[in-house]
1. For the peptides 103-112, 163-172, what is the packing order when you average, over each peptide's residues, the other Cβ atoms within 10 Å and list the highest mean first?
2. Hey, any idea what Rg/Rh is for the range 61-183, computing Rh the Kirkwood way over Cα pairs?
3. From the convex hull of the Cα coordinates of the range 114-179, what is the mean projected area in square nanometres?
């Protein structure tokens, strides 16, 4: 009888890598966010018509709204954009249904985009304060591949925004999908 003593690493998928990257990023920025919130008394105006996000902080929600608007602007591929379906609120609602570490990772990714990513495109200031054109340049710089963390954050946030945008039935007519046959 022969035994195979070969050690096999667990399969590493892009999803596992992305999840671990977002978790690590979230863990690295969480202490700074907590101290900033305590010191600054963050505003609760989320721009959601008075609704409070269920998982994201007001600041994270604001950043997600700007990121989603940059990925899917009104008048881009078609007239409707992320803000037309309140994509940030939709994503926040789905984060409430997922594991807490996923929300932590998304929050970390949003803070990375807000505070670190602009420098990748030679921009100063916060991502959310930039024009749409400048924000688009920042996202393009993230995707270009110079910084592996930036690439992973870009891919994760883009996938999150695109999935929840195109899974909303309001977007279906724009892509020629008439909905499921079975209702």
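Quick note: the coordinates plus some simple rules give every number you see, no bench work behind them. Just so we're clear, the structure is a prediction, and the values are computed from it rather than from any experiment. Don't worry about glycine lacking a Cβ; one is built from the backbone with ideal geometry, like all the others, and counts go over all protein chains shown.
1. Working: 103-112: 24.1, 163-172: 14.7.
Highest-to-lowest ranking by the protection proxy: 103-112, 163-172.
2. Numbers: Rg = 14.9 Å, Rh = 15.0 Å.
Rounded to two decimals, Rg/Rh equals 0.99.
3. Values: hull surface 20.8 nm².
Dividing the Cα hull surface by four gives the mean projection, 5.2 nm².
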